[in-house]
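Asker: Encoded as structure tokens, here's the structure I'll be asking about.
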Amino acid sequence: KAGVTQTPRYLIKTRGQQVTLSCSPISGHRSVSWYQQTPGQGLQFLFEYFSETQRNKGNFPGRFSGRQFSNSRSEMNVSTLELGDSALYLCASSLEWTGTYEQYFGPGTRLTVT
Amino acid sequence: GESVGLHLPTLSVQEGDNSIINCAYSNSASDYFIWYKQESGKGPQFIIDIRSNMDKRQGQRVTVLLNKTVKHLSLQIAATQPGDSAVYFCAENNYGQNFVFGPGTRLSVLP
């Protein structure tokens with residue numbers, strides 16, 4: 001079974017631009033979560049989508065948004081990029097919560113904002 | 001590769017010794033926990049999980065211990081190998097809400 005895939009793997013953008021990142025979950029997984037990882041803040045939760053609906057949201061500004069499609073693939077968008085948005089963006093997928101919630105991560109997209 | 005954390009706590013162990021990585025979690029209502037391993041340039045890799053109705057769970061070469069009284073989680077790795085060198089994170093979850101990750105511990109295996 002293929003793992004979680006993320007595209008692109010690397011991105012360089014300039015301040016003020018916007019960016020869209022893509023995540024394809026493991027086949028059969030309906031939940032997709034997004035995280036931002038930086039050396040200073042560690043792994044921080046952005047949002048979670050389940051069956052095309054945002055189910056949970058972290059403490060990030062509205063410039064960060066996402067969506068999920070009917071095939072469970074997900075995208076996240078960051079508008080008006082700031083230097084501080086430079087990070088590794090990780091996507092994780094899982095089955096529906098049933099008391100356990102094995103969550104599997106993709107390799108991440110490394111975003112650099114200049 | 002990606003520098004996961006510039007100032008992470010580091011645990012150095014000799015190859016073949018056992019490693020114990022500790023994690024203090026924040027929410028007494030958390031009922032599910034996962035340990036992840038992250039190697040440079042890669043996403044976190046699921047190692048083992050435990051529910052709050054258990055205090056110990058064993059996997060292949062790994063054991064997770066949960067002490068709910070003091071909100072403490074530990075990961076024991078038996079016969080540590082060079083391939084175990086990585087950053088290890090604990091993550092807690094409260095009934096299907098979002099995961100909250102600890103700051104991570106860097107494990108360095110010495111030859």
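The values are calculated or read from the model by the stated rules, or taken from the named source; none is laboratory data. Owing to the predicted nature of the structure, the values given are computational and were not obtained by experimental measurement. Here the Cβ is made from the backbone with ideal geometry for all residues, glycine too, and neighbour counts use every protein chain on show. Calculation scope for accessible area: heavy atoms of the full protein, side chains included, ligands and nucleic acids excluded. Shrake-Rupley method; radii C 1.70, N 1.55, O 1.52, S 1.80 Å.
Asker: For B:Arg106, are the conditions met, namely being open to solvent by 70 Å² or more (accessible area, probe 1.4 Å), without any contact (Cβ under 8 Å) to a residue 12 or more places away in the chain and not aromatic (Phe, Trp, Tyr)?
Answerer: Answer is no for this residue.
Asker: Would you point out the residue of the stretch A:12-30, among those that are open to solvent by 20 Å² or more (accessible area, probe 1.4 Å) and more than 15 Å from A:Ala92 (Cα to Cα), that is nearest to the other protein chains (Cβ to nearest Cβ)?
Answerer: For the stretch A:12-30, the residue satisfying everything is A:Ile12.
Asker: Could you tell me which residue of the stretch A:1-11 is nearest to the other protein chains (Cβ to nearest Cβ), considering only residues that are closer than 23 Å to A:Glu96 by Cα and assigned to a strand (DSSP E or B)?
Answerer: The selected residue is A:Gln6.
Asker: I've got another one for you. Quick one: which strands (runs of 3 or more DSSP E) lie wholly within the stretch B:1-100 and hold at least 2 residues that are of a type in the set (A, V, I, L, M, F, W, C) and surrounded by fewer than 20 Cβ atoms within 10 Å (Cβ to Cβ)?
Answerer: Hits in the stretch B:1-100: B:10-14, B:19-24, B:45-51, B:62-67.
Asker: Where residues in the stretch A:45-56 are more than 8 Å from chain B (Cβ to nearest Cβ) and of a type outside the set (A, V, I, L, M, F, W, C), which of them is surrounded by the most Cβ atoms within 10 Å (Cβ to Cβ)?
Answerer: If we take residues in the stretch A:45-56 being more than 8 Å from chain B (Cβ to nearest Cβ) and of a type outside the set (A, V, I, L, M, F, W, C), then A:Tyr49 is surrounded by the most Cβ atoms within 10 Å (Cβ to Cβ).
Asker: Moving to a separate point now. Hey, A:Thr80 hits all of (1) under 21 Å from B:Pro44 (Cβ atoms); (2) outside any strand (DSSP E or B) but one; which does it fall short on?
Answerer: Against the list (1) under 21 Å from B:Pro44 (Cβ atoms); (2) outside any strand (DSSP E or B), A:Thr80 comes up short only on (1).
Asker: Would you say A:Glu75 is among the acidic types (Asp, Glu) and open to solvent by less than 40 Å² (accessible area, probe 1.4 Å)?
Answerer: Numbers: among the acidic types (Asp, Glu): yes; open to solvent by less than 40 Å² (accessible area, probe 1.4 Å): yes.
When the stated conditions are applied, A:Glu75 passes them.
Asker: Can you name the residue in the stretch A:78-90 that is within 14 Å of chain B (Cβ to nearest Cβ) and small (Gly, Ala, Ser) and, of all such residues, is least open to solvent (accessible area, probe 1.4 Å)?
Answerer: Top of the filtered list is A:Ala87.
Asker: Okay, moving on. So which of A:Ser93, A:Ser33, A:Ser65 is touching a His at 6+ places or on another chain (Cβ under 6 Å), open to solvent by less than 70 Å² (accessible area, probe 1.4 Å), within 27 Å of B:Ser30 (Cα to Cα) and in a strand (DSSP E or B)? First the steps, then the outcome.
Answerer: Working: A:Ser33 fails: touching a His at 6+ places or on another chain (Cβ under 6 Å); A:Ser65 fails: touching a His at 6+ places or on another chain (Cβ under 6 Å).
So the residue among A:Ser93, A:Ser33, A:Ser65 that is touching a His at 6+ places or on another chain (Cβ under 6 Å), open to solvent by less than 70 Å² (accessible area, probe 1.4 Å), within 27 Å of B:Ser30 (Cα to Cα) and in a strand (DSSP E or B) is A:Ser93.
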